[in-house]
Amino acid sequence: MSKIEHLTSSPKETQSLAKDFASDLCPSDVLALSGDLGSGKTTFVQGLAEGLGVTANVVSPTFKLVNEFDGSLPLYHLDFYRIESASAAVAIGIEHYVFGDGVTVIEWADRYPEVIPDDAIQIHFEVMSETERRIIVERTE
């Protein structure tokens with residue numbers, strides 16, 4: 001497993017990191033995001049979407065649960081924050097997304113790790129200060 005740590009000092013820097021990160025993604029890649037409220041998960045997804053050529057406005061799918069975007073690869077943005085159980089995550093059709101033809105990003109993925117593929121890219125966000133974030137990316141090799 002490889003582990004890389006990034007420090008960003010602004011939301012714009014977090015988005016830029018994610019935009020660059022998008023260039024290495026392939027169909028069926030799954031990104032499992034974890035971190036406290038306000039730690040930068042949705043900000044990261046906004047940059048990722050830009051890197052994938054998504055032109056739509058990207059917001060957290062907390063109440064909708066899933067947002068789908070067209071880009072150079074389809075982007076599936078899921079949010080487990082309001083999901084009540086692992087079986088509820090399965091009921092929203094997670095298999096359709098994680099085994100699909102696009103990139104799947106799951107916010108609050110640590111709530112139900114049992115439904116996250118073993119080869120998912122784990123990305124953890126930590127608040128260091130009002131604007132600074134530590135972003136730790138772990139990949140299986």
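Which of His124, His96, His77 moves the most in a Gaussian network model of the chain with Cα springs under 10 Å?
Highest fluctuation of the listed residues: His96.
What residue among Glu114, Glu13, Glu95 has the largest mean-square fluctuation in a Gaussian network model of the chain, using Cα springs under 10 Å?
For the chain, modelled as a Gaussian network with Cα springs under 10 Å, the answer is Glu114.
Below 10 angstrom from the Cβ of Ser28, what's the summed charge of the other residues (Lys, Arg +1; Asp, Glu -1)? Mind dumping the intermediate values first?
Values: positive: none; negative: Asp29, Asp101, Asp119.
Its environment carries a net charge of -3.
Could you give the alpha-carbon Rg of the stretch 65-140 over 2.2 N^0.38 Å, rounded to two decimals? Display every interim value, and only then the final one.
Values: Rg = 13.3 Å, N = 76, 2.2 N^0.38 = 11.4 Å.
Normalised Rg, Cα atoms only: 1.17.
If you take every DSSP beta bridge whose two residues both sit in the chain, what share of them, in percent to the nearest 5, is antiparallel? Intermediate values should be presented prior to the final figure.
On the way: 17 of 31 bridges.
Just about 55 percent of them are antiparallel.
Checking the cross-link filter: which lysines have an alpha carbon closer than 26 Å to that of Lys3, excluding same-chain neighbours under 8 positions apart?
Leaving aside lysines fewer than 8 places away in the same chain, those within reach of Lys3 are Lys12, Lys19, Lys41.
Give me the dipole magnitude in Debye, nearest 20, for the stretch 10-134 about the Cα centre, with unit charges on the beta carbon: positive for Lys and Arg, negative for Asp and Glu. The partial results should precede the final answer.
Details: 8 positive and 20 negative charges, 66 e Å.
The dipole magnitude comes to about 320 debye.
For the stretch 51-130, run through the chymotrypsin sites (Phe, Trp or Tyr not before Pro) and keep only the ones in DSSP coil with at most 15 other Cβ atoms within 10 Å of their Cβ.
On the way: sites: Phe63, Phe69, Tyr76, Phe80, Tyr81, Tyr97, Phe99, Trp108, Phe125; in loops: Phe63, Phe80, Tyr81, Phe99, Trp108.
For chymotrypsin sites (Phe, Trp or Tyr not before Pro) across the stretch 51-130 that sit outside H, G, I, E and B with at most 15 neighbouring Cβ atoms in 10 Å, the list reads Phe63, Tyr81, Phe99.
Given a cut-off of under 8 Å on Cα pairs at least six residues apart, what relative contact order in percent is computed for the chain? List each step's numbers first, then the result.
Values: 294 pairs, mean separation 52.2, N = 141.
Worked out over the chain, it gives 37 percent.
Which of the peptides 50-56, 39-45 is most tightly packed, and how do the rest follow, going by the mean number of other Cβ atoms within 10 Å of each residue? Don't skip to the answer; put the middle values down first.
Numbers: 50-56: 16.7, 39-45: 24.6.
Per-residue mean Cβ counts within 10 Å order the peptides as 39-45, 50-56.
Read-outs throughout are calculated quantities, based only on the coordinates presented, and are distinct from any laboratory measurement. Small disclaimer: the values here were computed from a predicted structure and weren't measured. Note that we place each Cβ from the backbone using ideal geometry, even for glycine, and neighbour counts take in every protein chain shown.
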